[in-house]
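A short write-up of the structure that comes next.
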Amino acid sequence: MNQKLSLNYLQLHATERNSYKDDSIKRRKSRRRGGDININNVDGITMEAPLSKNNMNAIRRSQVPQVIDTLHQIEARDMLPAIWFIFSRRGCDAAVQYLEGCNLLDSCEMSEVELALKRFGIQYPDAVRESAVKGLRRGVAAHHAGCLPLWKSFIEQLFGRGLVKVVFATETLAAGINMPARTAVIAALSKRSSSGRIQLTSNELLQMAGRSGRRGIDKRGNVVLVQTAYEGAEECCKLLFSGVEPLVSQFTASYGMVLNLLAGAKLTSHSSESGEVKISRAGRTLEEARKLVERSFGNYVGSNVMLAAKEELSKIDKEIEILTSEITDDAIDRKARSTLSNAAYKEIADLQEELRTEKRLRTELRKKMELKRISAVKPLLEELENGQLPFICLQYKDSEGVLHSIPAVYLGKVDSLNGSKVKDRILGDDSFAISGVGAEGFEPSYHAALGSDNSWYLFTEQWIRTVYRTGLPNVALTEGDALPRELMVTLLDKDDMQWDKLSDSGFGGLWYREGSLETWSWSLNVPVLNSLSDKDEALYMSQEFHDAVECYKAQRTKVARLKKKIARTEGFREYKKIIDMTKFTEEKIKRLKTRSKRLINRIEQIEPSGWKEFLKVSHVIHESRALDVNTNIIFPLGETAAAVRGENELWLAMVLRSKILLGLKPAQLAAVCAGLVSEGIKVRPWKNNTYIFEPSTTVTDVIDLLDDQRNSILNLQEKHGVQIPCCLDSQFSGMVEAWASGLTWKEIMMDCAMDEGDLARLLRRTIDLLAQIPKLPDIDPQLQKNALAASSVMDRPPISELAG
């Protein structure tokens, strides 16, 4: 890596550039503070201390380039065409709009694009994405799941002809579509998920990078990774050199698979005197099915890689055991006795025992000092809470020792939030327990705050570095409105998400969870720490705290002098070699444990579980009377489930064989079927687009009746440990019902809260299910007729596959 891109170099460069300015600021601060004690300097933290998260982000933020600047650099180096990966649909669309004034096409290319647009508009008038036309005329386009398939296909054709120079796309473009470019630009090394920001895996990064370089055209492909506020060159190198992750089998047992592998004869009674059920053919036995299942890729990988991984894991565990025995106190003592003379050994041993005693005392004084500090916070919060929501600064060190400072707006003491879910959670969850209750007469309490990073925080007084006199006024915007504190308490309870622990201590932990879009505007009003001066701090330390700090400092000095005394002893040089070797061994053990953890995770990933899942699914099938596993006789429910395609074939078969669907009209049947296949479809309101068609009362009533059946199959699956989703959701049924009733595409998309691509995908799924119904065995003819009518009406442009 170019060392000029490292955080340390960038910090040093900034420090040298502003050294005079920094020195003058320090001198002014020193004169202003006088003899006051600064708690942040108690542990001797200096400029050489590890960079905090805020400092790292500030340095990275100063290096973040604008989209247009990066594009100009790529264009100047003749690196177009490019695929630019941005991990959100809205981000792709925003980038296209941002570059609408930047023309990448010559006059001939612009004429070709204009002609192609006219032809496409004449052929598929409803499929033209009006918001993207201006950018397309400039050679820039977006390609993501929110676009109609017809429009995406059109963009791919123009890109292949060289008429689109930059395509902004989500990571889904990296797999499955043959659309290579000269350059792949990756906008970030992390992306947002339901649990916060997560880093890309090396496989994901290389999959996107692999889009660069056109076979037969380019001698090489270029990959550009863009600096962000979250990661830079160091994180990039770390990810690139972390190695490729192993391929993991995605094999899972489904109801359709189990039924088709095990099913024998159908349940048919032949006319005979005895009335016996005759079986014309037998299905596979469980043992035969097992042999087939174990031919999966998962088992192939497991038989080779897992064996080698387990052998290596066993060697590592033995090595850790041996090394651990070499660094025990007894082992170090034996080495010292054998290496040093009796007099030297006795002198060092006595001083080491004295040092251990003094360190224990230092720890106790440190705890007492911290206790005095945090005991001053509680009354201060209560004082400043009247009439406003004060700003505070939370501070903690992560597992790597990096210091993080978080500005936040204080919401209140959790105990005072009557009826709050968070209060009930803390009282009922042992993980929030505080072990330091009652120490020195101080009882810590949990508090809530919203950070400037739009994250909620739960914490005790331990984690508050300082409290500020300023804050958000706790005053209603207009008469009759709720107070800001009440609104924020409502938002805190709105999403019952999982809380993650950032750090822990005897006086309670520091917990956080991601905020929402509604809390984002509140978090924007929390000022950055640089804008809050020392004069704004309201944290006053008592004389008792000053005395505790002095005692701690004196004890720390005593420990330091004792260490120097040991260093001057006769046998210290030899003794230090033993200690250094012990530290080296500890580091080696740490590295081995990290490797062991990686191997365990890898073994868990590649361990074949297909047969176990197969048996669980077969138990559900047997108990639901779809197939008799013992005789391999398949029942009518099983016949339908074996023939239908879907995520949960047994659930689909149960619904389609239900008599309550027979009274539905074709459009209503389509709406119910949409509720069975809407998994993963989301509402995406934007600006004024907030409308969704409501389903008819008949459709809602049928879905409510089906919900009881759904609960029964979910309970059966839970009993046998099967986790196959049973989708039933009426949220988008009204949209499908409107389309099946004959509304045009423009009418249905007017002010719609769904992306075009999402609605198209839902309609295609629904059409696919409806088209299967006439071909399924043992389905009522009336239902088959209605399904055929509904699918025929729905399969029209811009949804029709023929049109695509």
Exercise for the section: Working carefully through the options 136, 117, 71, 105, find the one that is at pLDDT 90 or above, open to solvent by less than 20 Å² (accessible area, probe 1.4 Å) and farther than 16 Å from residue 155 by Cβ. Expected result: 71
Handout entry: Checklist (1) open to solvent by 100 Å² or more (accessible area, probe 1.4 Å); (2) more than 19 Å from residue 349 (Cβ to Cβ) applied to residue 602, failing item
Key = (1)
Exercise for the section: Determine if the range 532-548 includes at least one residue that is on the phi < 0 side of the Ramachandran plot, modelled with pLDDT of 80 or more and buried (at least 18 other Cβ atoms within 10 Å of the Cβ). Expected result: yes
Practice task
Considering each of 433, 439, 476 in turn, give the residue that is surrounded by fewer than 18 Cβ atoms within 10 Å (Cβ to Cβ), touching a Phe, Trp or Tyr at 6+ places or on another chain (Cβ under 9 Å) and modelled with pLDDT under 85.
Solution key: 439
Practice task
Scan the range 756-766 and give yes if some residue there is touching a helix residue (DSSP H, G or I) at 6+ places or on another chain (Cβ under 6 Å) and open to solvent by 50 Å² or more (accessible area, probe 1.4 Å), otherwise no.
Solution key: no
Problem - Of residues in the range 136-164 being outside any helix (DSSP H, G or I) and among the charged types (D, E, K, R), the one nearest to the chain's Cα centre (by Cα) - result: 138
Problem - Wholly within the range 687-804, helices (runs of 4 or more DSSP H) carrying at least 3 residues that are within 35 Å of the chain's Cα centre (by Cα) - result: 697-720, 733-740, 745-749, 756-772
Fill in the blank from the handout: Pairs returned, first residue in the range 357-385 that is outside any helix (DSSP H, G or I), second residue that is open to solvent by less than 40 Å² (accessible area, probe 1.4 Å), beta-carbon separation under 9 angstrom, 6 or more apart or interchain, are 376/461; 376/539; 376/541; 376/545; 385/410; 385/412; 385/471; 385/474
Practice task
Could you tell me whether residue 739 is of a type outside the set (Gly, Ala, Ser), farther than 30 Å from residue 650 by Cβ and open to solvent by less than 10 Å² (accessible area, probe 1.4 Å)?
Solution key: no
Handout entry: Unmet requirement for residue 802, which otherwise passes all of (1) modelled with pLDDT under 90; (2) open to solvent by less than 40 Å² (accessible area, probe 1.4 Å)
Key = (2)
Practice task
For the range 392-415, name all the residues that are open to solvent by 40 Å² or more (accessible area, probe 1.4 Å) and closer than 16 Å to residue 450 by Cβ.
Solution key: 413
Completion exercise
Out of (1) within 30 Å of the chain's Cα centre (by Cα); (2) farther than 18 Å from residue 284 by Cβ, the one residue 613 does not meet is (2)
Exercise for the section: Could you run through the range 566-578 and say how many residues are in a helix (DSSP H, G or I) and either of a type in the set (Phe, Trp, Tyr) or surrounded by 14 or more Cβ atoms within 10 Å (Cβ to Cβ) (or both)? Expected result: 5
Exercise for the section: May I ask you to list the residues in the range 335-353 that are more than 17 Å from residue 564 (Cα to Cα), assigned to a helix (DSSP H, G or I) and of a type in the set (S, T, N, Q)? Expected result: 338, 339, 342
Exercise for the section: Determine whether residue 621 is hydrophobic (A, V, I, L, M, F, W, C), surrounded by fewer than 18 Cβ atoms within 10 Å (Cβ to Cβ) and touching a helix residue (DSSP H, G or I) at 6+ places or on another chain (Cβ under 7 Å). Expected result: no
Fill in the blank from the handout: For residue 331, the lone unmet condition from (1) touching a residue at least 40 places away in the same chain (Cβ under 8 Å); (2) of a type in the set (A, V, I, L, M); (3) surrounded by 13 or more Cβ atoms within 10 Å (Cβ to Cβ) is (1)
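The values are calculated or read from the model by the stated rules, or taken from the named source; none is laboratory data. What you see is a predicted model, and the numbers here were worked out from it, not measured in a lab. Cβ atoms come from the backbone with ideal geometry, glycine included; neighbour counts cover every protein chain shown. Ligands, DNA and RNA are stripped out before the accessible areas are found, and what is left, the full protein with its side chains, is counted by its heavy atoms. Shrake-Rupley method; radii C 1.70, N 1.55, O 1.52, S 1.80 Å.
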